[in-house]
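Q: Here's a structure for you.
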Amino acid sequence: MPAVLAAGLFAAACGDGTGVVDAGEARKVVPPPTAQPLWADQTVPVPPQEPAATPSPGATTPERPAPTPVPVAVPAGDDVRGLDARAVMTADPLVDTDAKTEVRRCPDACGLRPPVYRDLTGDGRPELITSVTDRRGGTGTYAYTIAGGQIFDIFWYFGDHYAVDGLGEDLVVRQAVAAPGDARENPSLLYRTRFRWNGREMEPIGTETEFRRQPPLVSNGGSPSASPSATTTPGSTP
């Protein structure tokens, strides 16, 4: 009898297979994030005069020392939006001397860009991202977080201009590089290096190399040139 009951329940549950079954609420489709420039006036620059001096794929900034607190008072609620970007940059030992000189000139005409706030560490709280171009053309970009009641520089990049994009919780640095035989004003390589939080700092996780065709480029802060057309190099490293 139990076997008959079990068979009957199984048949009733299955029916003829044509019934509508409620599988619950449909899963929302979330599109992948796309890279967005942090500052509209940043443009991919003309690379250095000598191709040999340009970075190789994956080479970005000098090896950084162990994170040390920036000696600036932490705002109430550990909210980076309460930080004075100028005070943080001038107190940060990782900020280039020329960049600090430029920051001290503010609020007069200077190359300091408005602060950007993005969650880079994945904790739901924003980090402070700043950028300044000095009068020699060097650009420094820095990101700060608050942890344990202290301020830390978790990203720094300094060079002869470049552009930084936000991609979800990551940062992407775009750098134009001249290939052998390129004219200085028309480099045909573009390096995209992606940085991701590793629990201590923003770490480079890969570099893509692209060939592209483009008009002459301009330095950061100049008039933007037409957007280049770019095609990913077959076999480029993600």
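Q: Scanning segment 102-120 for residues that are surrounded by fewer than 17 Cβ atoms within 10 Å (Cβ to Cβ) and part of a loop (DSSP other than H, G, I, E, B), which turns out modelled with the highest pLDDT?
A: Asp119
Q: I would also like to ask the following. Quick one: in segment 163-187, which of the residues that are under 23 Å from the mean Cα position of the chain (by Cα) and small (Gly, Ala, Ser) is most open to solvent (accessible area, probe 1.4 Å)?
A: The selected residue is Gly168.
Q: All but one of (1) over 23 Å from Pro67 (Cβ atoms); (2) open to solvent by 50 Å² or more (accessible area, probe 1.4 Å) hold for Asp134, so report the exception by its number.
A: (2)
Q: Consider segment 86-137. How many of its residues are of a type in the set (Val, Ile, Thr), more than 24 Å from Gln36 (Cβ to Cβ) and in contact with a Gly (Cβ under 7 Å, 6 or more places away or on another chain)?
A: 1
Q: Out of Arg125, Arg196, I need the residue that is open to solvent by 40 Å² or more (accessible area, probe 1.4 Å), assigned to a strand (DSSP E or B) and modelled with pLDDT of 95 or more. Which one?
A: None of the other options fit; the residue is Arg196.
The values are calculated or read from the model by the stated rules, or taken from the named source; none is laboratory data. No experiment lies behind these values; they were computed from the predicted model shown. Reconstructed Cβ throughout: ideal geometry from the backbone, glycine too, with neighbour counts over all protein chains shown. These accessible areas exclude ligands, DNA and RNA; they are computed on the full protein's heavy atoms, side chains included. Shrake-Rupley method; radii C 1.70, N 1.55, O 1.52, S 1.80 Å.
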